[in-house]
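To keep things clear, I will list the structure first and then write my remarks on it.
The values are calculated or read from the model by the stated rules, or taken from the named source; none is laboratory data. Just so it is clear, the model here is predicted, and its values are computed rather than measured. Virtual Cβ from ideal backbone geometry, glycine too; neighbours counted across all protein chains shown.
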Amino acid sequence: MFRIIQDDINSVFQRDPAAHSTLEVLLCYSGLHAVWGHRLAHWLWKRDFRFLARWLSQFMRWLTGIEIHPGATIGPRFFIDHGMGVVIGETAEVGADVTLYHGVTLGGTSLNKGKRHPTLGDRVVVGAGAKVLGAITIGADTRIGANAVVVKSVPENSVVVGVPGQNIARSRPHQPSDAVDLNHTSLPDPVGVSLTSLLQRVESLEEQLHLHHTATPHIHAPEAGVWHGEEFSI
């Protein structure tokens, strides 16, 4: 038990540069308090003290703003940064060294009493406000961007962005020797890139057909990432 507590404290120092002392971590990190409360509630849940386990989880929700169902399975060195608004459902399974930011939901999409919440592999990072829904599997070393909505399983070493979540191939897969990848704000926009490419292609074809200066207004491709035009009426 003391080893688990020490590992949880170390995970805070490894993944949050704002942590300055062990005393600060012990007293001021609500995510850590929620994890410890869950470990006790889960212990009670597995021994059929279901009502007491639920009461404890609700008390921790009131205390920390983080709701973890006592039936959820949480791996070692789990870290919730900031934490407010995090919800983890009953049949969720979370691997080792996983990081969640505030506003994350690991939710269910079924009335089925069986498995209905996500399974997260080791070292997964879920960005602020992201929703991972249903009995899906998120492969190890995957990074889910802030505010993404993930409803389909993804393999290891994925980057998922957008609504609904789109799996973006990584240019450099995560290596076992790498530190935990906390960059959950790198949000490639595959839809926007595709739209820009199509607009550029349309403008090129119009120029070739001498139709570029027609009376009918249309949206032009962005210049240096900025969209221009009276079509937006701003």
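Rundown of residues vs (1) out of contact with any strand residue (DSSP E or B) (no Cβ under 6 Å at 6 or more places or on another chain); (2) surrounded by fewer than 19 Cβ atoms within 10 Å (Cβ to Cβ); (3) under 18 Å from Asp16 (Cα atoms); (4) of a type in the set (Val, Ile, Thr), yes/no style:
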{"site": "Ala72", "(1), (2), (3), (4)": "no, no, no, no"}
{"site": "His82", "(1), (2), (3), (4)": "yes, yes, yes, no"}
{"site": "Gly85", "(1), (2), (3), (4)": "yes, yes, no, no"}
{"site": "Val94", "(1), (2), (3), (4)": "no, no, no, yes"}
{"site": "Val98", "(1), (2), (3), (4)": "no, no, yes, yes"}
{"site": "Val104", "(1), (2), (3), (4)": "no, no, yes, yes"}
{"site": "Arg116", "(1), (2), (3), (4)": "yes, yes, no, no"}
{"site": "Leu133", "(1), (2), (3), (4)": "no, no, no, no"}
{"site": "Arg143", "(1), (2), (3), (4)": "no, no, yes, no"}
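Restricting attention to the range 97-128, the residues being part of a strand (DSSP E or B) and among the small types (Gly, Ala, Ser) number 1. Candidates in the range 12-27 are the residues that are surrounded by 13 or more Cβ atoms within 10 Å (Cβ to Cβ) and over 19 Å from the mean Cα position of the chain (by Cα); of these, the one that is nearest to Leu56 (Cα to Cα) is Leu26.
Of the residues screened, Ile138 is one that is under 13 Å from the mean Cα position of the chain (by Cα) and without any contact (Cβ under 8 Å) to a residue 24 or more places away in the chain.
Do we find that Lys131 is modelled with pLDDT of 95 or more and among the basic types (Lys, Arg) in this structure? It is true that Lys131 is modelled with pLDDT of 95 or more and among the basic types (Lys, Arg). Which of the residues spanning the range 129-140 are closer than 15 Å to Ile88 by Cβ and hydrophobic (A, V, I, L, M, F, W, C)? Ala130, Val132, Leu133, Ala135, Ile136, Ile138, listed by residue number.
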